[in-house]
1. Tally Lys/Arg at +1 and Asp/Glu at -1 over every other residue whose Cβ is under 10 Å from the Cβ of residue 161; what's the total?
2. What pairs from 135/156; 99/135; 77/134; 99/156 go past 28 Å between their alpha carbons?
Amino acid sequence: MNKTKNDKTANPGLRFRQLLRQEITLKQAVVIGSAFIAIAFILLIMFNVMQREESKAVNVSQTGNQAKVQSTGNTLKNTEISPNPFDDSFTAKFESLVKEEVTIQVADVNGKIIYRENIVIEPGMNIYRYTPVKKLASGPYVFRIINNNSILFTAKLICRN
């Protein structure tokens, strides 16, 4: 019986090595696929944590030209920001449960803080009027009230200059 090169039984050692190479390649593919899944899972977790950090401070609803913000923190509630969109200035009205020092921030969409002021708020209704020192460019901005590096609430505002 003549054996040819195409006969699979011609060289059993070669066939075993080919199968072994295929198995290693399959194992490598499984490892690489698992690594990609793990990286995607980690990125998903990081994204969810960042989203939770940004959104845990407030619930926002908009009707007409007012944004109503209900703080989920312990110290602020019933926040109203108007007008939104705004031209030259806007007013934030909010109820505080305690007297405390807070930081007011206005940031652009890139996160650059363009305005920061420390104020003391009193228990009960507070009114804060923001009038920029220099004219703001048209576009979206983020308004925040922060206490001890915790965001008490945040709202997205639109400037129409």
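1. So the surrounding residues net to 0.
2. On the way: 135/156 18 Å; 99/135 32 Å; 77/134 30 Å; 99/156 25 Å.
Correct reply: 99/135; 77/134.
Bear in mind these aren't lab numbers, they're just calculated from the coordinates by the rules spelled out. Everything quoted here is computed from the prediction, not taken from an experiment. Ideal geometry is used to build each Cβ from the backbone, glycine not excepted, and the neighbour counts take in all protein chains shown.
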